[in-house]
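Chemist: My structure is below; once you've seen it, I'll send some questions.
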Amino acid sequence: MSHRPRSGLAAVSTALLAMSRHLEVRDVLKTIVASARELLDAEYAALGVPDDHGGFAQFVVDGVSDEQWKAIGPLPRQHGILAAMLSEERPERLADVREDPRFEGWPAAHPAMSDFLGVPVRDGDETIAALFLANKRCPRPNGGCGFTEEDEELLTILAQHAAIALTNARLYERSRELSIVEERSRLAHELHDAVSQKLFSLRLTAQAAAALVDRDPARAKDELHQVAALAAEAVDELRAAVVELRPAALDEDGLIHTLRTQIQVLDRAHSARVTFDSSGVRALPAAQEEALLRVAQEALHNALRHSGGDRVEVTLVRRGPGAVLAVTDNGSGFEPRTVRHAGRHLGLVSMGDRASGVGGRLGVRSAPGQGTTIEMEVPGG
């Protein structure tokens, strides 16, 4: 085997590893484009994800500055060479894209491009994106060198794995959306319980005031004051229902704010005291913050529904570059090994999977009559 194919395979391996580190669709697209450009030593690279209306839902470039990109103008439409890659489902390797009969020109601010290599990114029978490069960077003593057949093979391999990475990222984002829907349903249930309790108390107190108004006006007045207080509390709960039922926005609010907000809701909705404390935690990779939030939610659900305790404490503290989450209740506790052997996991398996999925670990400390602590540690970035 010659030296060049070995270095090419090593570069492909590096590119694939880079793509596998990301879960967000936008991050995956950027990594694919940057990896392709570096792999084949091109001046420009781009990837377009088509929409159903003749344009592109997403279009990512590498090698073009932000100023140039703004000057170029609106995203391209599905025409010319781009349309060919999306419809004809085969690679396009051209010595000069400007001489191809399908070429339809560029905006005035578009950089000059000549040699061109493009491949479709396919998931089964569906073309989900188009990946292309322009201007191979190499000595041009006789006017050009362009992309080679080997370059086409390497980019095709990269595109095949890019399809897997992009599909996985989409599934991950869909899973996050489903988790958000589930969490909204859970919060709705908690808030419904809280508001229902307040309104029930309000009704009983109003009935008591009505019964006392003739024979004991002073007590009736006290009961009416209580009615006013309960009504105010019910209004607060309804306001919370409007505010807190929005999806958990980790990207916007951050992990600490999101946790604190949801724990405040749970504290209002349950008779058990639920508290939260954090110390020194820095921003973590998005996947780790997502996993910490979901484990906290699952552990809180178990503690409030099954432990029988009257106090649940949640802490999030810094440990090295990472963080440690702990959810502790003073409830009845359990024997972890017995629970596992009986096939009742209380979400421990899914929590453990979430922790290991982001390079972290999950620990469970519990014993009958001694409460429970669920602890999750993540490594940080």
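Chemist: Anything in the stretch 306-345 that is charged (D, E, K, R), modelled with pLDDT of 90 or more and open to solvent by 60 Å² or more (accessible area, probe 1.4 Å)? List them, or say none.
Modeler: From the stretch 306-345, those charged (D, E, K, R) are 310-311, 313, 318-319, 329, 335, 337, 340, 344; that's our starting set.
Checking which are modelled with pLDDT of 90 or more leaves us with 310-311, 313, 318-319, 329.
Within the stretch 306-345, Asp310, Arg311, Glu313, Arg318, Arg319 qualify.
Chemist: Another question, if that's okay. Give the residues of the stretch 106-128 that are hydrophobic (A, V, I, L, M, F, W, C), in contact with a strand residue (DSSP E or B) (Cβ under 7 Å, 6 or more places away or on another chain) and more than 20 Å from Val49 (Cα to Cα), sorted by residue number. Break it down stepwise before answering.
Modeler: First, the residues of the stretch 106-128 that are hydrophobic (A, V, I, L, M, F, W, C): 106, 108-109, 112-113, 116-117, 119, 121, 128.
The next check asks that each one be in contact with a strand residue (DSSP E or B) (Cβ under 7 Å, 6 or more places away or on another chain); those that pass are 113, 116-117, 119, 121, 128.
Matches in the stretch 106-128: Met113 only.
Chemist: Taking the stretch 42-81, which residues are among the charged types (D, E, K, R) and in a loop (DSSP other than H, G, I, E, B)? Quick ask: steps written out before the conclusion?
Modeler: Our first condition is that a residue be among the charged types (D, E, K, R); within the stretch 42-81, this holds for 43, 51-52, 62, 66-67, 70, 77.
Once the filter is applied, which keeps residues that are among the charged types (D, E, K, R) and in a loop (DSSP other than H, G, I, E, B), the stretch 42-81 yields Asp51, Asp52, Arg77.
Chemist: Can you confirm whether Ala84 is at negative phi, of a type in the set (Gly, Ala, Ser) and part of a helix (DSSP H, G or I)? Quick ask: steps written out before the conclusion?
Modeler: Details: at negative phi: yes; of a type in the set (Gly, Ala, Ser): yes; part of a helix (DSSP H, G or I): yes.
So Ala84 fits the description; yes.
Chemist: Same structure, new question: Would you check if Pro74 is open to solvent by 30 Å² or more (accessible area, probe 1.4 Å) and either more than 20 Å from Glu153 (Cβ to Cβ) or in contact with a Cys (Cβ under 9 Å, 6 or more places away or on another chain) (or both)? Even if it seems obvious, please write down each step before you answer.
Modeler: On the way: open to solvent by 30 Å² or more (accessible area, probe 1.4 Å): yes; either more than 20 Å from Glu153 (Cβ to Cβ) or in contact with a Cys (Cβ under 9 Å, 6 or more places away or on another chain) (or both): yes.
Yes: the conditions hold for Pro74.
Chemist: Name the residue, out of Gly380, Gly359, that is on the phi > 0 side of the Ramachandran plot and touching a Leu at 6+ places or on another chain (Cβ under 7 Å).
Modeler: Numbers: Gly359 fails: touching a Leu at 6+ places or on another chain (Cβ under 7 Å).
Unique residue meeting the criteria: Gly380.
Chemist: For the stretch 258-311, what are the residues that are assigned to a strand (DSSP E or B), over 25 Å from Pro379 (Cα atoms) and either without any contact (Cβ under 8 Å) to a residue 12 or more places away in the chain or touching a helix residue (DSSP H, G or I) at 6+ places or on another chain (Cβ under 8 Å) (or both)? Lay out the reasoning, then the answer.
Modeler: Our first condition is that a residue be assigned to a strand (DSSP E or B); within the stretch 258-311, this holds for 273-279, 311.
Then keep just the ones that are over 25 Å from Pro379 (Cα atoms); that gives 273-274, 311.
Hits for the stretch 258-311 are Arg273, Val274.
Chemist: Would you pick out the residues in the stretch 77-105 that are more than 23 Å from Asp52 (Cα to Cα), open to solvent by 70 Å² or more (accessible area, probe 1.4 Å) and among the acidic types (Asp, Glu)?
Modeler: Once the filter is applied, which keeps residues that are more than 23 Å from Asp52 (Cα to Cα), open to solvent by 70 Å² or more (accessible area, probe 1.4 Å) and among the acidic types (Asp, Glu), the stretch 77-105 yields only Glu99.
Chemist: Further question: When you scan the stretch 25-35, do you find a residue that is modelled with pLDDT of 65 or more, over 22 Å from Val358 (Cβ atoms) and open to solvent by 10 Å² or more (accessible area, probe 1.4 Å), even just one?
Modeler: Yes; the residues of the stretch 25-35 include at least one that is modelled with pLDDT of 65 or more, over 22 Å from Val358 (Cβ atoms) and open to solvent by 10 Å² or more (accessible area, probe 1.4 Å).
Chemist: So which residues in the stretch 346-368 are surrounded by 14 or more Cβ atoms within 10 Å (Cβ to Cβ), at pLDDT below 85 and aliphatic (A, V, I, L, M), if there are any at all?
Modeler: Within the stretch 346-368, Leu346, Leu348 meet the criteria.
Every residue, every condition in (1) in contact (Cβ under 8 Å) with a residue 40 or more places away in the chain; (2) farther than 21 Å from Thr156 by Cβ; (3) out of contact with any Leu (no Cβ under 9 Å at 6 or more places or on another chain); (4) acidic (Asp, Glu), yes or no:
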| position | (1), (2), (3), (4) |
| --- | --- |
| Glu92 | yes, no, no, yes |
| Pro101 | no, yes, yes, no |
| Met113 | yes, no, yes, no |
| Ile128 | yes, no, no, no |
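Chemist: Return the pair list, or none, for Cβ contacts closer than 7 Å from residues in the stretch 76-89 that are at pLDDT 80 or above to residues that are of a type in the set (S, T, N, Q), at least 6 apart or on different chains.
Modeler: Correct list of pairs: Leu86/Gln78; Leu86/Thr127.
The values are calculated or read from the model by the stated rules, or taken from the named source; none is laboratory data. The model shown is predicted, which means the values in this text are computed figures rather than measured ones. For neighbour counting, all protein chains shown are included, and Cβ atoms are generated from backbone atoms with ideal geometry for every residue, glycine included. These area figures cover heavy atoms from the full protein model, side chains too; ligands, DNA and RNA do not enter into them. Shrake-Rupley method; radii C 1.70, N 1.55, O 1.52, S 1.80 Å.
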